[in-house]
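These notes are about the structure you will find just below.
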Amino acid sequence: MEVLTMKGFVNVSMADLTSSVGLRRTALQRAFGTREEILRAAIHHCADAEACLAHETLRVLPTGREAILLMLEENLRLHTYWPRNCDCLFTLNSFVIPPEDADLLEFLSERRASVSKQIRSRLIQAVNEGELPEKTSCEVLASLCFTMLSGIIVQVFDGVPSGVLLRSIELFVDGLGFRRARSRTRSPAGRFRKPRRARNR
């Protein structure tokens, strides 16, 4: 994962991969397969980790506002604290997957659609619970939230300070139209704590 992150999918070679794990090429291929199979496995790993993190956050938080806010914050923390374990492999390197690799492109599309669907479901729940206005377009709002989710990763790689991004996330969520619930216990907005690892299963 480390060498894939540093070199990217286009430039990484089998020599880079063998050097990073301390195995001969034949041993590496017996264990993991070809270069293309290793890249596919890396994409699957990162896509599953990011999707799992989003799904869990949206499922366990008591209000829609808290769920969306923490989903975005945890995504920021994931890419800030563990860039070598789940970096841009899912989001950025997906753009260099060759068009003929239809199965992998479809897999990534399904993962993105899954996260967007979970966001939409949580927003619908917020409408039903009176936290969002009845006429809220949950589909449009979910698309907007997913765009923010993806954009955070690019901002992290551009070196935007985490404090700025946390404040941007807070302002973004404040603009979604959630009715503020009475005070609930949560981490202070400016506190950048280290997150738990997302469970892949």
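The values are calculated or read from the model by the stated rules, or taken from the named source; none is laboratory data. This one's a predicted model, so the numbers in the text were calculated from it and none came from an experiment. Every residue, glycine as well, gets a Cβ built from its backbone with ideal geometry; the counts of neighbours run over all protein chains shown. Remember, those area values only see protein heavy atoms, side chains included, never the ligands or the DNA or RNA. Shrake-Rupley method; radii C 1.70, N 1.55, O 1.52, S 1.80 Å.
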(request) Please list, ordered by first then second residue, the pairs with beta carbon atoms under 7 Å, 6 or more apart or interchain, first in the stretch 44-62 and within 16 Å of residue 1 (Cβ to Cβ), second open to solvent by 30 Å² or more (accessible area, probe 1.4 Å) and at pLDDT below 85. (result) 47/111; 48/200; 49/200
(request) Being open to solvent by 40 Å² or more (accessible area, probe 1.4 Å), in a loop (DSSP other than H, G, I, E, B) and in contact (Cβ under 8 Å) with a residue 24 or more places away in the chain is the filter here, so list the residues in the stretch 130-146 that pass it. (result) 133
(message) Condition check: open to solvent by 60 Å² or more (accessible area, probe 1.4 Å), modelled with pLDDT of 85 or more and of a type outside the set (Phe, Trp, Tyr). Does residue 27 satisfy that?
(response) no
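Quick test for you: out of 154, 127, 115, pick the one residue that is open to solvent by 30 Å² or more (accessible area, probe 1.4 Å), of a type in the set (A, V, I, L, M, F, W, C) and more than 15 Å from residue 69 (Cβ to Cβ). Give the derivation first.
On the way: 127 fails: open to solvent by 30 Å² or more (accessible area, probe 1.4 Å); 115 fails: open to solvent by 30 Å² or more (accessible area, probe 1.4 Å).
None of the others qualify; the one that does is 154.
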(message) Cβ-Cβ distance below 8 Å, separation of 6 or more or different chains: which pairs start in the stretch 9-32 with a residue that is of a type in the set (Phe, Trp, Tyr) and end on one that is part of a helix (DSSP H, G or I)?
(response) 9/39; 9/93; 9/96; 32/38; 32/41
